[in-house]
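Worksheet for the structure shown next.
The values are calculated or read from the model by the stated rules, or taken from the named source; none is laboratory data. None of these values were measured; they are calculated from a predicted model. Neighbour counts run over all protein chains shown; Cβ positions are idealised from the backbone, glycine included.
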Amino acid sequence: MADDLQSKSEQKKFVFQGFLIPFILVTSLFFLWGFAHGCLDVLNKHFQELLHMSKAKSAFVQFVFYGGYFLMAIPAGLVMQKFGYKKGIIFGLLLFAGGAFLMLPATLIQTFGSFLFCLFVIACGLTCLETAANPYTTVLGPSESGARRINFSQSFNGLGWIAGPLVGGMLIFSVSENTNKFASIALPYLLIGTLVLIVAFLFWRVKFPEIKEEADFVKEESSGKLKDLLKHPHFVMAVVAQFLYVAAQTGVNSFFINYVTEEIPSMTNQHAAQILGFGGMGLFWLGRFTGSTIFMRIVRPNRLLSFYALMNVLTMALVVAGLGWISVVALFSTYFFMSVMFPTIFALGIKGLGPLTKKGSSILVMSIVGGAIFPMFMGWIADVSTMALGFIVPLCCFGFIVYYGLNGYKLKSAIQA
């Protein structure tokens, strides 16, 4: 009863302090970049067939996209540091929209490199959004419920992941023999680019509350150096865990359609994309929603993280075994257990950083570069062996996250709450 009263009190305080509307707008960002990431998985398979390239070469889609995160993470952090969350988000939205609209001329140029450039620009915009939105949701309200808030916002990221493969698969794979075979690629990006511009306008018009962490950061900025982050072992471990998590998630996403169509030869690309959208990403959204609204109220975030990672070690073992439909079901079940990993690792990693929060956020976003490297390794394994064997890579990644959730998350300089 006391917990319920405290929760209601927090909700009223959240609304009256002007947090609600900004929180809704920030949460919308999670959907937008989820959609952009979801379209990537369709593009990977589409380029394999359109340009007759190997799985390892098609993984350049992920390499360029997540490489953009790596290169832009520090500049994005500096933008947040100098101009604040709101202007940084608007800048990221404009970059995102610009990259999306560039897809139209890319369909006329018709080279792999032109599409990769568009994806790189989009990734730079998304880096700004993630560098701002992930920490902003944790400080936009009571600190004790920060992990729940970021998981709730990330549940809308899951909705974007559902929409991406469904809309992208429907539009991209619907190319006609009598038209420009690249033309359909631009359609989902023109749609999302328009939506992004609308959201940017709303951000420009809405007043954001002053956040204590932001004021403290400006005041104490001179005492917070990047090297000071090394004094926080829990943060260093979070960077490694986030690197491996994004590597695992991107690898699973990138070759989901390949795996399903190889294990079940009667399955078409479009049907596999629908399974990815409804099955995999649907479970991804369900996992984030239930994690933030139910499970994290009764289970500590680190314990939920380690349990979910352990379950994914088991599902990946079934995928590597190549057992037909059993392995396919295990593969899309993986999405439920991946759901809480990114936001939970992020929240645990920046906990206790104080004036180093923005810098720490930049490094955690930079760790997304794991998604640029590991899919190429998985593709190489698939090219020389089998697609099933390639999934041993995410299996190992999830193994480390089990350890992080059990021990690596602990603050060495303070007692973990």
Tell me, which residue of the stretch 93-106 that is in contact with a Phe, Trp or Tyr (Cβ under 9 Å, 6 or more places away or on another chain) and closer than 9 Å to CYS128 by Cβ is surrounded by the most Cβ atoms within 10 Å (Cβ to Cβ)? PHE96
Name every residue in the stretch 353-404 that is under 12 Å from TYR245 (Cα atoms), buried (at least 21 other Cβ atoms within 10 Å of the Cβ) and touching a Leu at 6+ places or on another chain (Cβ under 7 Å), in order of residue number. GLY370, CYS397, ILE401
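Looking only at residues in the stretch 379-395 that are over 15 Å from LEU331 (Cα atoms) and of a type in the set (A, V, I, L, M, F, W, C), which one is farthest from the chain's Cα centre (by Cα)? Spell out the reasoning first.
Step one: of the stretch 379-395, the residues over 15 Å from LEU331 (Cα atoms) are 379-386.
Next, only the ones that are of a type in the set (A, V, I, L, M, F, W, C) stay: 380-382, 384.
Working: TRP380: 24, ILE381: 24, ALA382: 24, VAL384: 29 Å.
Residue satisfying both the conditions and the ranking: VAL384.
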Residues in the stretch 318-332 that are in contact with an Asp or Glu (Cβ under 7 Å, 6 or more places away or on another chain) and either assigned to a helix (DSSP H, G or I) or farther than 13 Å from GLY390 by Cβ (or both): how many? 3
I need the full set of residues from the stretch 257-286 which are modelled with pLDDT under 85, part of a loop (DSSP other than H, G, I, E, B) and either closer than 17 Å to MET316 by Cα or in contact with a helix residue (DSSP H, G or I) (Cβ under 7 Å, 6 or more places away or on another chain) (or both), in order please. MET267
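Inside the stretch 248-278, can you point out the residues that are of a type in the set (Gly, Ala, Ser) and surrounded by 21 or more Cβ atoms within 10 Å (Cβ to Cβ)? Even if it seems obvious, please write down each step before you answer.
Quick first cut of the stretch 248-278, residues of a type in the set (Gly, Ala, Ser) only: 248, 251, 254, 266, 272-273, 277.
Result: ALA248, GLY251, SER254, ALA272, ALA273, GLY277.
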Select from the stretch 288-310 the residues that are in contact (Cβ under 8 Å) with a residue 12 or more places away in the chain, polar (S, T, N, Q) and closer than 22 Å to GLY160 by Cα and list them in ascending order. SER292, THR293
Scan the stretch 81-105 for residues that are at pLDDT 90 or above and among the small types (Gly, Ala, Ser) and jot them down. GLY92, ALA97, GLY98, GLY99, ALA100
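Among the candidates LEU304, LEU286, LEU310, LEU276, single out the residue that is closer than 19 Å to GLY390 by Cβ, of a type in the set (A, V, I, L, M, F, W, C) and under 21 Å from the mean Cα position of the chain (by Cα).
Details: LEU304 fails: closer than 19 Å to GLY390 by Cβ; LEU286 fails: closer than 19 Å to GLY390 by Cβ; LEU310 fails: closer than 19 Å to GLY390 by Cβ.
Of LEU304, LEU286, LEU310, LEU276, the one residue that is closer than 19 Å to GLY390 by Cβ, of a type in the set (A, V, I, L, M, F, W, C) and under 21 Å from the mean Cα position of the chain (by Cα) is LEU276.
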Taking ILE373 and the conditions (1) closer than 24 Å to SER153 by Cα; (2) of a type in the set (Val, Ile, Thr); (3) at pLDDT below 85, which numbered condition does it fall short on, given that it satisfies the others? (1)
Checking the structure you have, find out if any residue of the stretch 108-119 is under 19 Å from the mean Cα position of the chain (by Cα), closer than 22 Å to SER155 by Cβ, outside any loop (DSSP other than H, G, I, E, B) and touching a residue at least 24 places away in the same chain (Cβ under 8 Å). no
Can you pull out every residue in the stretch 333-355 that is more than 13 Å from the chain's Cα centre (by Cα), in a helix (DSSP H, G or I) and at pLDDT 80 or above? SER333, THR334, PHE336, PHE337, ALA347, LEU348, GLY349, ILE350
Leading residue by the ranking (surrounded by the fewest Cβ atoms within 10 Å (Cβ to Cβ)) among those in the stretch 107-121 that are within 8 Å of VAL64 (Cβ to Cβ) and of a type in the set (A, V, I, L, M): LEU116
